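Asker: Structure below; questions to follow.
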Amino acid sequence: MPILKISGMSCAHCTGSVTKLLQATPGISNVSVTLTPGQASFDATPEVKLDQVKEAIRKIGFDPQD
């Protein structure tokens, strides 16, 4: 289960945006995004490329940490 630290989320709307993005990504399931401590966890199939997931999160205005 990947866990990504994400900075830039400041409210429930922010976590909702990241949750919606991850849930819409093929191969990702069981999404959980929390404001505190600012992270997302999910199950992913081997086909899911974390670099592409991080880029998608950046495109909606948040900063996934490496």
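Asker: Working only within the stretch 38-55, note down all residues that are aliphatic (A, V, I, L, M) and either touching a Leu at 6+ places or on another chain (Cβ under 6 Å) or over 16 Å from Q65 (Cβ atoms) (or both). So that I can check it myself, show each step before the final result.
Answerer: Kept after step one, since they are aliphatic (A, V, I, L, M), are these residues of the stretch 38-55: 40, 44, 48, 50, 53.
Answer for the stretch 38-55, where residues must be aliphatic (A, V, I, L, M) and either touching a Leu at 6+ places or on another chain (Cβ under 6 Å) or over 16 Å from Q65 (Cβ atoms) (or both): A40, A44, V48.
This table checks each residue for (1) modelled with pLDDT under 95; (2) open to solvent by 50 Å² or more (accessible area, probe 1.4 Å); (3) touching a Leu at 6+ places or on another chain (Cβ under 6 Å); (4) not in a strand (DSSP E or B).
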residue: M1; (1), (2), (3), (4): yes, yes, no, yes
residue: L4; (1), (2), (3), (4): yes, no, no, no
residue: S10; (1), (2), (3), (4): yes, yes, no, yes
residue: V33; (1), (2), (3), (4): no, no, no, no
residue: T36; (1), (2), (3), (4): yes, yes, no, yes
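Asker: Additional query: If I ask for residues that are open to solvent by 70 Å² or more (accessible area, probe 1.4 Å) and either at pLDDT below 95 or farther than 17 Å from G16 by Cβ (or both), which ones from the stretch 52-62 would you list?
Answerer: Residues satisfying the conditions are Q52, E55, R58.
Asker: Scan the stretch 14-25 for residues that are open to solvent by 50 Å² or more (accessible area, probe 1.4 Å) and either under 10 Å from the mean Cα position of the chain (by Cα) or modelled with pLDDT under 95 (or both) and report the count. Quick ask: steps written out before the conclusion?
Answerer: Applying the first criterion (open to solvent by 50 Å² or more (accessible area, probe 1.4 Å)) to the stretch 14-25 yields 20, 23-24.
After this cut, where a residue has to be either under 10 Å from the mean Cα position of the chain (by Cα) or modelled with pLDDT under 95 (or both) as well, the list is 20, 23.
Final tally of qualifying residues: 2.
The values are calculated or read from the model by the stated rules, or taken from the named source; none is laboratory data. Here the structure is a predicted model, which means the values were calculated and not measured. Reconstructed Cβ throughout: ideal geometry from the backbone, glycine too, with neighbour counts over all protein chains shown. Note: accessible area is taken over every heavy atom of the protein model, side chains too, but ligands, DNA and RNA are not part of it. Shrake-Rupley method; radii C 1.70, N 1.55, O 1.52, S 1.80 Å.
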